[in-house]
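The values are calculated or read from the model by the stated rules, or taken from the named source; none is laboratory data. Small disclaimer: the values here were computed from a predicted structure and weren't measured. Here the Cβ is made from the backbone with ideal geometry for all residues, glycine too, and neighbour counts use every protein chain on show.
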Amino acid sequence: MIEWRYMKKYKNKIIHSIYLTSKTYIPVRFSSKYINVKNENKIYSKKNFNNILMQNIKITDEKIICEKVYFSKYNLPYVLKIPFSDLRLIDTYNNNHNPTILVRKNVILLRTGFISCIIRFNELWLFDPNNPLVIKAINLIKENFKKKCNLKIEECTDDVKNDDNSEDKRNDEKEDINDLNVKNNFYRYNTNNFFEFLCLDICMQLSLKEYENDIDQINGKIREKIQLQRREENNEINMLTNKLLRDMMKIKNNLQKLSNLLNALRSNIEKILKDDNDMKNMYLTFLHNNYINQLKDHSDLEILLETHLQLTDELYGELENIEEKITHYEELMRLNLDYNRNKFILLNAKISFSTLFCSICSVITSLFGMNLKNFIENNDYAFFIVSIFISGWSIIGIYFTKNINMLLKFFDKYKIK
């Protein structure tokens, strides 16, 4: 009894202490059993959409500086001095916008569908720097800029050695307007090889090459589907699977997206070529040095843009050819489906006619199974007459089921339903 009294006393103390603490706070271990605490890492993504990583390429005194910089989306328009509405059009996180080329004050905004960048007279800002295509563009810009610097140094040494032939060399350079760099397949202009045109050219060429690769992949997939369809055509009844039709719908949707992107890019290039003010404002180096009044024409920029316009037209022509293949393939599928449907309808008609003739024969034979007086059972030739009639009717039924087209023509001729 004494032990039980002490146990009861200590138990009351423990319960009283828990009651007092529950008035002030709830223990975590106790509450975790009855309350579901949501983990924010599971609900929200670890990726911070307010921050954006960008690649900066800047040239200063024939030196090129590359660095990656984190920006807040709220501070980015103030740092780059670009309206937020324009930044939304080239933001890679926003997939609802088509390719655009915007010419603003001392800046060119470019979005090709694969590369988004901001071009100034001496620097380039690239979105999504971890993209392999962006990394390739950065390396090409570095290589071309280094070659440009080396060419400048070599030209200076040649001018010192050959002062008499300097004017002739400059005249030859002016005649050679379209100097093609075979290694990178970029058009180079010896007279006006500006940094902004170099960046624009490289980004456009890489993007168009990526469009070409996507078109080749789609063309290969369509070729595989057509070969699969030809294999199935050898079967007597070609049953088209749902997977084949689903794959064709996916290919058609991807093709439509590429077509919309290329069409938007082409329309932007045409719009700039028609606007002389935009063409002049794209000479960012001239604008920075206040030499825009000395600019007589913009033939080098026209050649650059028309070259990319021609490439987009060629790619768009390939897309149209692929669309014709898809439409031809869909027509073949419809013909195949109609052929199979007609086969099943014809089989159903044959079965219905055969059951009709069999039912007529069964009605005649069932008359003899009834307990009715038909005045034939006493005839000696009744069984033979009925047997000959049923066999003849069966032969007629087999003939009409084989030549069912003739029977259907008869029904159509006399409008029998």
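Observations on the model:
- Qualifying residues in the range 112-134 (those that are in a helix (DSSP H, G or I) and touching a residue at least 12 places away in the same chain (Cβ under 8 Å)) - the one surrounded by the most Cβ atoms within 10 Å (Cβ to Cβ): Val134
- In the set (1) assigned by TED's automatic domain parsing to the domain that holds Ser259; (2) more than 30 Å from Lys252 (Cβ to Cβ), the condition left unmet by Ser354 is number (1).
- Applying a threshold of 7 Å to beta carbon distances and a minimum spacing of six or more residues, or different chains, the list of pairs starting in the range 252-264 at a residue that is in a helix (DSSP H, G or I) and ending at one that is among the small types (Gly, Ala, Ser) reads Leu261/Gly113.
- Only one of Thr307, Thr285, Thr312 that is in contact (Cβ under 8 Å) with a residue 40 or more places away in the chain and farther than 15 Å from Asp201 by Cα: Thr285
- All conditions in (1) among the charged types (D, E, K, R); (2) modelled with pLDDT of 85 or more; (3) more than 30 Å from Lys221 (Cα to Cα) hold for Asp297, with the sole exception of (2).
- Selected residue (criterion: nearest to His97 (Cα to Cα)) from residues of the range 265-298 that are assigned to a helix (DSSP H, G or I) and hydroxyl-bearing (Ser, Thr, Tyr): Ser267
- When residues in the range 65-101 are screened for being under 22 Å from Ser207 (Cβ atoms) and of a type in the set (A, V, I, L, M, F, W, C), 7 of them pass.
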